[in-house]
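Data block below; observations after.
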Amino acid sequence: MKPDASLVKNFLLALQRAIVAQLEALDGGSAFRIDEWRRPTGGGGKTALIEGGALFERGGVAFSHVMGERMPPSATAHRPELAGAKWEAMGVSLVMHPENPYCPTAHMNVRFFIAYPETGEPVWWFGGGMDLTPYYGFEEDARHFHRVCRTALAPFGGVEYPRYKAWCDEYFFLKHRNEARGVGGIFFDDLNEGGFERCFALMRSVGEAFTTAYAPLLERRRTRPWGERERDFQCYRRGRYVEFNLVWDRGTLFGLQSGGRTESILMSLPPLVKWRYDWQPESGSAEARLYEVFLKPRDWVNEA
């Protein structure tokens with residue numbers, strides 16, 4: 001089967017609608033604002049944003065479909081032979097920031113890229129994944145999230161989950177802090193092995209599994225009492241999220257280099273954040289436990 005960009009686009013729009021409806025029902029207090037936009041140099045998108053909800057302090061689910069005459073540098077870093085080629089990219093990207101510090105932040109992204117060299121066949125690939133960023137860790141939450149990720153990849157062979165789990169641990173790592181962003185999940189890129197139909201099915205499975213992985217964790221933790229100490233630590237740890245997205249994330253860099261819509265690209269940033277100079281958690285505290293127990297790669301699905 002040849003790559004069919006229109007088929008992918010229709011799925012992504014349907015996925016965005018489904019996830020927005022599920023998260024809106026879960027919040028129960030506010031509706032998503034739907035913001036459609038056009039890109040002057042080609043394409044556009046639809047951004048769904050929620051702020052000040054009963055559960056979500058801020059969250060966004062964005063669809064974009066953009067194209068251009070020349071590949072941006074971030075897209076040709078590993079594929080120099082495509083420099084100067086026409087291209088189009090589409091995807092759904094979301095980040096949810098609950099207000100309760102015991103509820104984790106979550107990210108998910110699924111995307112499709114296709115380039116049209118002057119000679120030869122189009123070059124295409126899929127990418128995506130999801131990862132979990134708790135502020136106060138719970139082993140059962142991390143195990144559930146990873147087991148759903150494994151289940152989503154199970155129909156495509158036995159090697160995908162461990163490979164994409166390790167890739168996620170490596171990718172969502174703040175090198176300048178020598179520190180993981182959270183408890184990981186799965187991450188994949190440059191996927192074209194096995195043909196378009198298989199790769200598209202894998203991407204669909206990952207996208208459709210997100211709310212199954214995330215919603216039960218919110219239901220467990222959303223009513224847990226919290227105070228100023230927990231809120232303060234949440235805002236401090238959110239600073240790491242900002243640092244990763246602005247310093248290391250290739251998706252952010254691609255969006256900015258390709259002339260994407262800044263409001264939609266940076267919707268992933270939390271509304272309240274704090275930084276401190278050389279802060280260290282108190283020994284033996286719940287905050288210290290996050291660093292000691294959760295911000296290290298673990299085999300979550302196979303632990304007893």
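The values are calculated or read from the model by the stated rules, or taken from the named source; none is laboratory data. As the structure is a prediction and not an experimental result, all values here were calculated from the model. Using ideal geometry, Cβ is built from the backbone for each residue, glycine included, and neighbour counts are taken over all protein chains shown. Quick note on the areas: whole protein, heavy atoms, side chains included, nothing else; ligands and nucleic acids left out. Shrake-Rupley method; radii C 1.70, N 1.55, O 1.52, S 1.80 Å.
Can you name the residue in region 188-202 that is touching a residue at least 60 places away in the same chain (Cβ under 8 Å) and hydrophobic (A, V, I, L, M, F, W, C) and is also nearest to N109 (Cα to Cα) among such residues?
Taking region 188-202 as the starting set, the residues that turn out to be touching a residue at least 60 places away in the same chain (Cβ under 8 Å) are 188-192, 195-197, 199-200, 202.
Then drop every residue that is not hydrophobic (A, V, I, L, M, F, W, C), which leaves 188, 191, 196, 199-200, 202.
Numbers: F188: 10, L191: 14, F196: 18, C199: 15, F200: 14, L202: 13 Å.
Ranking the qualifying residues of region 188-202, first place goes to F188.
Any residue in region 156-183 that's touching a residue at least 40 places away in the same chain (Cβ under 8 Å) and open to solvent by 70 Å² or more (accessible area, probe 1.4 Å): show its pairings with residues that are assigned to a helix (DSSP H, G or I) and not hydrophobic (A, V, I, L, M, F, W, C) at Cβ separation under 9 Å, as long as the two are six or more apart or on different chains.
That search, which allows pairs on different chains as well, returns H176/E243; R177/R240; R177/E243.
When the residues of region 180-191 are narrowed to those that are out of contact with any Pro (no Cβ under 8 Å at 6 or more places or on another chain) and at pLDDT below 95, which ends up nearest to Q234 (Cα to Cα)?
First, the residues of region 180-191 that are out of contact with any Pro (no Cβ under 8 Å at 6 or more places or on another chain): 181, 185-191.
Within this subset, residues satisfying the condition of being at pLDDT below 95 are 181, 189-190.
Working: R181: 13, D189: 30, D190: 34 Å.
Ranking the qualifying residues of region 180-191, first place goes to R181.
Can you pull out every residue in region 219-239 that is outside any helix (DSSP H, G or I) and either open to solvent by less than 10 Å² (accessible area, probe 1.4 Å) or of a type in the set (A, V, I, L, M, F, W, C) (or both)? Lay out the reasoning, then the answer.
Filtering region 219-239 down to residues outside any helix (DSSP H, G or I) leaves 222-227.
W226, the sole residue that qualifies.
Under the condition of being open to solvent by 20 Å² or more (accessible area, probe 1.4 Å) and of a type in the set (D, E, K, R), which residue from region 106-141 is nearest to T212 (Cα to Cα)?
Filtering first and then ranking leaves E140.
Which residues, counting only those in region 250-304, are part of a loop (DSSP other than H, G, I, E, B), of a type in the set (S, T, Y) and surrounded by 16 or more Cβ atoms within 10 Å (Cβ to Cβ)?
Within region 250-304, just S258 meets the criteria.
Give region 147-189 a look and list any residue that's under 14 Å from the mean Cα position of the chain (by Cα) and assigned to a helix (DSSP H, G or I), or say none.
Within region 147-189, the subset under 14 Å from the mean Cα position of the chain (by Cα) is 149, 164-165, 167-169, 171-173, 181-189.
Correct list: C149, Y164, K165, W167, C168, D169, Y171.
Answer with yes or no whether R150 is surrounded by fewer than 23 Cβ atoms within 10 Å (Cβ to Cβ) and either more than 21 Å from R298 (Cβ to Cβ) or touching a residue at least 24 places away in the same chain (Cβ under 8 Å) (or both).
Values: surrounded by fewer than 23 Cβ atoms within 10 Å (Cβ to Cβ): yes; either more than 21 Å from R298 (Cβ to Cβ) or touching a residue at least 24 places away in the same chain (Cβ under 8 Å) (or both): yes.
It is true that R150 is surrounded by fewer than 23 Cβ atoms within 10 Å (Cβ to Cβ) and either more than 21 Å from R298 (Cβ to Cβ) or touching a residue at least 24 places away in the same chain (Cβ under 8 Å) (or both).
State all residues of region 52-68 that are exposed (fewer than 15 other Cβ atoms within 10 Å of the Cβ) and touching a strand residue (DSSP E or B) at 6+ places or on another chain (Cβ under 9 Å); if no residue qualifies, say none. Quick ask: steps written out before the conclusion?
Going residue by residue through region 52-68, those that are exposed (fewer than 15 other Cβ atoms within 10 Å of the Cβ) are 52, 54.
Correct list: G52 only.
Keeping to region 5-21, report how many residues are surrounded by 15 or more Cβ atoms within 10 Å (Cβ to Cβ) and either in contact with a helix residue (DSSP H, G or I) (Cβ under 9 Å, 6 or more places away or on another chain) or part of a loop (DSSP other than H, G, I, E, B) (or both).
Qualifying residue count for the region: 6.
Give region 240-249 a look and list any residue that's open to solvent by 70 Å² or more (accessible area, probe 1.4 Å) and touching a helix residue (DSSP H, G or I) at 6+ places or on another chain (Cβ under 9 Å), or say none. Reasoning before the result, please.
Initially, region 240-249 is screened for residues open to solvent by 70 Å² or more (accessible area, probe 1.4 Å), giving 246-248.
The answer is L246, W248.
Within the set of pairs 6 or more residues apart or between chains, which connect a residue that is within 16 Å of R229 (Cβ to Cβ) inside region 99-111 to a residue that is among the aromatic types (F, W, Y) and part of a loop (DSSP other than H, G, I, E, B) with Cβ atoms less than 8 Å apart?
If the second residue must be among the aromatic types (F, W, Y) and part of a loop (DSSP other than H, G, I, E, B), the pairs left are N100/W226; P101/Y135; P101/Y136; P101/W226; Y102/Y135; Y102/Y136; Y102/W226.
Is it the case that H144 is of a type outside the set (A, V, I, L, M, F, W, C), open to solvent by 10 Å² or more (accessible area, probe 1.4 Å), assigned to a helix (DSSP H, G or I) and touching a residue at least 12 places away in the same chain (Cβ under 8 Å)?
On the way: of a type outside the set (A, V, I, L, M, F, W, C): yes; open to solvent by 10 Å² or more (accessible area, probe 1.4 Å): yes; assigned to a helix (DSSP H, G or I): yes; touching a residue at least 12 places away in the same chain (Cβ under 8 Å): yes.
Judged against the criteria, H144 is a match.
Being free of Cβ contacts under 8 Å to residues at least 60 places away in the same chain and of a type outside the set (A, V, I, L, M) is the filter here; which residues of region 224-244 pass it?
Keep residues of region 224-244 that are free of Cβ contacts under 8 Å to residues at least 60 places away in the same chain, which gives 225, 227-229, 232, 235-236, 239, 242.
Those that are free of Cβ contacts under 8 Å to residues at least 60 places away in the same chain and of a type outside the set (A, V, I, L, M): P225, G227, E228, R229, D232, C235, Y236, G239.
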